[in-house]
Every structure is written in structure tokens, then in C-alpha cells.
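Okay, structure first, notes after.
Laboratory data are not the source of any read-out in this text; all were calculated from the coordinates shown. What you are looking at is a predicted structure, and each value in this text was computed from that prediction instead of being measured. So basically every Cβ, Gly included, is an ideal-geometry build from the backbone, and we count neighbours across all protein chains shown.
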Amino acid sequence: MKPPPFDYHGPVTLGEALDVLAEAGPGGKVLAGGQSLIPLLNMRLAAPAHIVDVNRVPGLDGIEAGPEGVRVGALARHAAVERSPGAAAALPLLRQALRLVAHPVIRNRGTVVGSLVHADPAAEMPAVLALLGGSVRLASRDGEREVPAAEFFTGPMESALRPGELALSAFFPALPPRSGTAFYEVARRHGDYAVAGVAAAVTLDEDLRVAAARVACVSVGPVPVVVDVTSACGPGPAAAAGWEAVAGAVQDRVDPEGDIHATAEYRRHLTGVLAARALRDAALAARGEES
Amino acid sequence: MNETRHHVTLTVNGVVREATVPGRRLLSDCLRHDLGLTGTHVGCEHGVCGACTVLLDGEPVRSCLTFAVTADGHEITTVEGLARDGGLSPVQRAFTERHALQCGFCTPGFLCTVTAFLRDNPVPTEEEALEAVAGNLCRCTGYQNILKAVHRAAELQAEEGR
């Protein structure tokens, strides 16, 4: 249970970090919070030749919240984003999701951007980014690019990040007025990986009918599974929507696999139950009511 | 293979300590083997059990999921640093009073976690206390006495006006 040997690099500027990553190529791995990477190293499931520790690079821990949304820097810890009043005001879904990420002690060290790059299909933050249609800004020695969530998550534990690139920040766009969100999951123990989980966002029109409704499901596919259920909600008032029937449409769209924790059928069942609950509460929040 | 070694300076329990370690040295192993502070226990070594929890700049972290080189220049508090003025801290006394340990292997992690938790939340609810210790595994006690100790520690701290 000790990490394999690697060359350690501790750059102190962004330019230096990108130079080291460029030279390391496919053998380079960025270390930020390390709460996913170091377990993989300890268990010898990963053996990168170079570890590029960006913890000393200044200016990467920003959390910028505004009416447009929230931009989170590469070194912003889960706990810092969870506690940020600005982030909570701009996008309540962030705090709803972050409280489900592992345990508080892990959140003190782990980073939001690191969770996105790790791209675990059981993780909460990729689902949030996918649900909101956010993006990740990647930097290399050759320049920067902004990759939308739909293109960023390419498979289980796989992202669009290329060798030599550093994920600088992620942008979580705010929702329109009269929107509400909720995130529910079922785990064997609080803080464990979710057996199933659903994030929901519902936006109402001026007559309080559903104008848009989406869910993102975790642990039921290779990447977060986003389902637009707006048409399934029907033209009536949101207060009278049949959320169980809408959730049935979500169940039909996921393709879970079974493992020692849960069968595929049980995951599908949970996804339906959690989708109905999350959509109902998101619609209540959109009307300004507590669930 | 000859690994490059890095010089690190850590302020551990208020004392400046130095070590020369390979990049892959876990903070838990640095504390135990390089600095001889064996109060920090190592259980699962992949972040699940919480036995190795220490305070890094005051915040509880898993020392098995942190490299010693990353902690260079930072402050660490281990279980050895919790006692003050020659006596046990309120959290340590509460664990003793409420019989919150049996074999004691997990206890250093619980003490560090609970110390930071009560600093941030001096009057926790039952549910908050339960969630605070949910990331630390104890296979002896069944947690009931640990939860009692969390609340007792809160009382002791309040009585002592901190």
C-alpha cells in the first residue's frame, strides 16, 4: 500500500507547471487534492512516471460567483466551494451536491476540478457540470481551450484532457429565474460512492408550468447520464405534474450495470425513485417553496 | 532505483522538524518513520478508515492521502499535539470519561477529527455529530460511546470557556 516511485515536480508558477507537463507528456499526472489519485497510487492501480504537484502554483484556488454562474479554480477544495456564500447564492445545486461528496475530511483536501478530471461515473460533481451544461478550461504550453461538459466526459474515468494539459478551472452556469434544483442519492453508508443518484433542475414559466426539466444520473452509465424530460412533464401546472411517470422516462434512458453493491435492476429502480423525488423538490424550489 | 530525495520542513505540534524523503513518501509514513511520531495510526492507506487523520494547517486531512513533500512548509498537528498544559484536551478527556475507545487503534483519527469539528461547530446536533465521525471507522465500540464523547467534549469545552 505504498505508491510506486515517480519523479516529483513542485512548480511554483503556472508557466513552469505547463512546461513540466509538456515535457512529461503521457507519463505526467497532475496532483491537486490527491483524494482520488493517491488511493490509486497506493493500490498501484496507477503508476505515472511524473507527478506534477500544482499546490504551490498561485492563483488557482479562486471561486468567482456572479449572476452568470460560478467559476471554480483548480485548487478550490470541495470544502471551500461548499462554504462559499457566493457560490451557494448563485447556484444552490453546488452545495446540495458537495454535501454528498465523500466525507468532510476528504472534502477539506479534494478539489472540484480534480473530481471532474477524475471523471468517475459515480461522482457528484461531473453530474452537476453535465446537468448545467458547464465547461472545463484546459491549458497547455500551446494555449487554452474551453471544453463543454458534453464533450469533456468521454468514458468511465476518462476525460478530454490531453497529455500536457492542466485543467485550470470549471464553469458552472447559473439557471434562469424561477429555477430550482435538488440532488439525491442512495449510498450504502453516508459518504460512500452512490449506488444511484439523481440531480434535477426544473425551470418554470410565468404561469408556473414546466418550461424545462432535466436530470443527471450517476452510477448508471459510463458517464453522467443527462435526460431532458421537459416534454414528459406535460402542459399543465408543475404542481400537478405526475413526477412518477416522468421518472419512468428517466428509467428507460439509463443502462446500469450490476456489481457486488447492487444489481442493475435495483439501480434502475433507485434511479426512478430518486428522479421523482428530485424533480418534485426541484419544482417546489423553483416556486420558492421548501420541500 | 535511486530515487530523488526532497528536503522538507514541517512544523509538527509547534516544533520545526526536518526530513529528507522521496516524493512518494506519504505524510503518515513521514510522521511515523522519519519523525518517530507513531501516535498517528495507519489503517487502510487509501482514505477509507480515517485512522491516520491529522490536522494540516488546522484542517483535518488524511495523512495517508497527502505526500510529505506537498506538506512542506505547513503546520501539522498530530494526536501527540492535542494535549495542552501537561493535561489531556477536553476531547481526549471526554473520550476517557465516556469509554469511547476499546482497542484504541482508531482513536487518534477520531480525536483529530472531533477536535477540528468542535472548533467549527461547538454545539453540534446529534445528526451533525454522527456525520462528523462517519468518515472514521471504529470496529470495537459501535459508535454509541463515541457520539456521547463528542457531546461531552462540547460540554467540557463550554465549561472551560473556549
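Odds and ends about this structure:
- Counting every C-alpha pair in the range B:5-81, the share spaced more than 16 angstrom apart comes to 38%.
- ³J(HN,Hα), Karplus 6.51/-1.76/1.60, whole Hz, each residue of the range B:49-56, x for Gly, Pro: 8, x, 4, 8, 4, 10, 9, 10
- Placing unit charges on the Cβ atoms only, positive for Lys and Arg and negative for Asp and Glu, gives the range B:90-159 a dipole magnitude near 320 debye about its Cα centre.
- In chain A, the DSSP-assigned H stretches of four residues or longer account for a calculated mean residue ellipticity at 222 nm of -8500 deg cm²/dmol, using -39500 (n - 2.57) per stretch and the full residue count as denominator.
- Relative to its residue count, chain B spans a Cα convex hull of 109 Å³ per residue.
- Here, the range A:87-166 has an Rg and a Dmax of 13.0, 37 Å when only alpha carbons are counted.
- The long axis of helix B:107-120 is offset from the longest Cα principal axis of chain B by roughly 70 degrees.
- The modelled label-to-label distance for the pair B:E97/B:E128, using points 7 Å beyond Cα in the direction of Cβ, is 2.0 nm.
- Farthest toward positive dipole pole in the range B:5-81 [+1 Lys/Arg, -1 Asp/Glu at C-beta], among B:L26, B:L56, B:V16: B:L26
- Alpha-carbon centroid distance for the pair the range A:238-273 / the range A:118-134, whole angstrom: 18 Å
- Set of the range A:186-222 residues, backbone N closer than 19 Å to the point 7 Å along the Cα-Cβ line of A:V273: A:186-200, A:216-221
- Debye, to nearest 20: dipole size of the range A:179-286, +1 on Lys, Arg Cβ, -1 on Asp, Glu Cβ: 200 debye
- Estimated inter-spin distance, A:D207 and B:T11, nm [label 7 Å along Cα→Cβ]: 6.5 nm
- Just so you know, the Cα atoms of the range B:90-159 work out to an Rg and Dmax of 10.5, 31 Å.
- Within the range A:151-245, GluC sites (Glu not before Pro) in DSSP loop having at most 16 other beta-carbon neighbours inside 10 Å: A:E206
- Per-residue Karplus couplings for the range B:147-160, computed as 6.51 cos²θ - 1.76 cosθ + 1.60 with θ equal to phi - 60°, are listed in order as 5, 4, 5, 4, 5, 5, 5, 4, 4, 4, 5, 5, 4, 8 Hz, Gly and Pro entered as x.
- For chain A, the longest principal axis of the C-alpha atoms and the axis of helix A:264-286 are separated by about 70°.
- Per-residue mean of foreign Cβ neighbours for A:33-46 is 4 (Cβ atoms of other chains, 10 Å radius).
- For chain A, the C-alpha radius of gyration sits at 1.01 times the compact-globule guess of 2.2 N^0.38 Å, with N the residue count.
- Spherically averaged projected area of the range A:26-114 from its Cα convex hull (nm²): 6.5 nm²
- A straight line joining the Cα centroids of the range B:108-162 and the range B:1-40 runs 29 Å.
- Angle in degrees between helix A:14-24 and the longest Cα principal axis of chain A, rounded to the nearest 10: 80 degrees
- Theoretical FRET efficiency, 1/(1+(r/R0)^6), r = Cβ-Cβ of B:D120 and A:E68, R0 41 Å, to 0.05: 0.85
- Unit charges on C-beta of K, R, D, E only; dipole of the protein assembly as shown, Debye: 700 debye
- Over the range A:179-286: Kirkwood hydrodynamic radius from C-alpha pairwise inverse distances, Å: 13.7 Å
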